[in-house]
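The structure under discussion appears below in the form of structure tokens.
Readers should treat all values here as calculations from the given coordinates under stated rules, not as data from a laboratory. Nothing here was measured: the structure is a model prediction, and the numbers come from that model. Note that each Cβ is placed from the backbone with ideal geometry, even for glycine, and that neighbours are counted across all protein chains shown.
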Amino acid sequence: MPTIKDVARAARVSVGTVSNYLNGTTQVADAKAERIREAIDALGYHVHLGARGLRVGATRTVGLVVPNISNPFFGEIARELEHALTARGYQTFLCDSSDDPERERAYLENLANRRVDGAFVIHAHDDGEPVRRYEEAAVPIVFVDRPVPGRPSVASDNYLGGRLVAEHVLELGHERIAVMLGRPEVSNVAARFAGLRDALMETGLDVPDAYVLEGRQTLEFGRDVDRLMALPAPPTAIFTTNDIVAVGAWLTLTEHGYRIPDDVSLIGFDDIELSRSIRPSLTTVAQDLPELARHAVDMLLDQIEPEAGSKPRSTAVIETVPIEPRLVVRASTAPVPRAEARPRKAG
């Protein structure tokens, strides 16, 4: 990886001149500034703002990279983080990676060049690659919602959330339970499914493959619920691993004449505002976003606001801070229909 000395050598200037250019502390002549810019581009040099020697003061700005701002959950978590940061005197730059790891990487580079003091990341993929990208990042990072093992992370206890769903549908007498997995390769979604499945297996039940659909975290994927209802023995309860998928399922079920919850119970995860507005309102697992945001901001500011005269705290190995979710029972779940009253379409 190129260093500031490499840039100085290529630009034929001193290291101090490069530092002045990067930090904006002293005016650099146009000709020298142009040579430095060309050297930085040619070498692929990235400013490591985490190195205190290159910094003259905090900008009191923080980046936030989310995978899809059109998903209401990410909008709500962005709002809570922004409010928590504002209360601590920081402003927020919001970036939408569109579930694209390369776009995410580019945003992190851009945020570093804008001299943000740190960043929150809800990362695009759990493919092992994020860890390498984040190790190269020039700013302190805290992962939110989707934890990265061994990195500063704050996330709901998704496994517990899945168990809460299982306990609820079992109490209602359901045995044919289907699952719509939005982004099953993402660790928090996988944990929700694992929690549900483990709790069911403890009672001798399982989720057959035919009762599991995989897709993206979108309303459009939720509309695939008709594939489950077309099965010879359709499910009496459907768990969607986030609320926006549940809303898509709700739309299709009601359009096709199914009665929720008389014919089929529907359960989501996240407790977005929309889940409280649809009718029947959605039973879901609520994430405590204010608490999550508070812990995430504390964790990030511990890195970028160390005690006077000390170095930033090491974050090489740290456990994920788990935030306990809770089940919110609303009108979309009910006891399983009697055996003689098979799920049916309304007249």
Please report how far the C-alpha centroid of the stretch 237-264 lies from that of the stretch 31-45, rounded to the nearest whole angstrom. 56
Out of [x] 85, 37, 33; [y] 61, 43, 35; [z] 62, 46, 39, which label holds the value of Cα extents along the principal axes in Å that was computed here? [x]
Mind ranking 231-240, 98-107 by how tightly packed they are, going by the mean number of other C-beta atoms within 10 angstrom, highest first? 231-240, 98-107
With each run of n ≥ 4 DSSP H residues scored as -39500 (n - 2.57), what mean residue ellipticity at 222 nm is computed for the chain after dividing by its residue count and rounding to the nearest 500 deg cm²/dmol? -12000 deg cm²/dmol
